[in-house]
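Down below is the structure, laid out as structure tokens.
The values are calculated or read from the model by the stated rules, or taken from the named source; none is laboratory data. On a predicted model such as this, the values are computed, not experimentally measured, just so you know. We place every Cβ from the backbone using ideal geometry, glycine too, and count neighbours over all the protein chains shown.
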Amino acid sequence: MTPEGAEILDRYRRLRKQADSVRAEIETVRARIREQLQKVGEREGAARRAKVHYQQVLPKHVAGNLDEHMAKTAKEELATAESDLAEGKGLLQALQLELPALQGQIPNAADVEAARRATWEAIWRDLQAQVPKEVPHLVARMYAALLAYQPGAPYSAALAALCPHPPTRDECARLIEQLAGQYSIPL
């Protein structure tokens, strides 16, 4: 592989690694958002219950039917529940603000696609460079001989003589996977 080809492969690897990393981070944040939404819902319920309890205790305390400690405890429970709820909502809001920032870090899909295509072109050129120097001359001679007895024959007929059974699309898919492994590039 030429140094330029290796650089093209490295660029594609970096872009894909960055994209995959950011996508994984986005999924983590989304999971945390779902978890936080559930916690906020639970904390809202706890805050409502604490408020109802305090509203029940307060008139009894004012009327003198309940001691100071019980009223103070109900008030503290309400304050704690409201504080927990505010904290949960703040964390949820921070997570929701983080999500668009992360989505903006995903490499442009067009850039990734261009890098992918350039990578496969570099691999194609590398494989092409591995063809022995005699082969093109042999194909040209085969084509000349073919034209001598069949004047309208296409050049592809000479190539078909070298590879009489070209791989099917399914076989090509397997070969692409092998090449991706050989060149250490993501599919």
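Miscellaneous remarks
Here's the yes/no breakdown for (1) surrounded by 12 or more Cβ atoms within 10 Å (Cβ to Cβ); (2) aliphatic (A, V, I, L, M):
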| site | (1), (2) |
| --- | --- |
| Val139 | yes, yes |
| Tyr143 | yes, no |
| Tyr149 | no, no |
| Gly152 | no, no |
| Ala157 | yes, yes |
| Ala161 | yes, yes |
| Asp170 | no, no |
| Glu177 | no, no |
| Tyr183 | yes, no |
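Results for (1) over 30 Å from Leu179 (Cα atoms); (2) in the same structural domain as Ala157 (by TED's automatic domain parsing); (3) loosely packed, with under 15 Cβ neighbours inside 10 Å; (4) of a type in the set (A, V, I, L, M, F, W, C), shown as yes or no for each residue.
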residue	(1), (2), (3), (4)
Lys39	yes, no, no, no
Arg43	yes, no, no, no
Ala50	yes, no, no, yes
Glu76	yes, no, yes, no
Gln96	yes, no, yes, no
Trp120	no, no, no, yes
Trp124	no, no, yes, yes
Pro136	no, yes, yes, no
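- Within segment 30-58, the only residue that satisfies the criterion of being of a type in the set (Gly, Ala, Ser), under 13 Å from Lys89 (Cα atoms) and touching a residue at least 12 places away in the same chain (Cβ under 8 Å) is Ala47.
- Checked against (1) at pLDDT 95 or above; (2) among the polar types (S, T, N, Q); (3) loosely packed, with under 12 Cβ neighbours inside 10 Å, Gln130 meets all criteria but (1).
- Pair list, Cβ < 6 Å and 6+ apart or interchain, from segment 18-29 residues that are in the same structural domain as Leu99 (by TED's automatic domain parsing) to residues that are not in a helix (DSSP H, G or I): Gln18/Pro107; Ala19/Ile106; Ala19/Pro107; Val22/Gln105; Val22/Ile106
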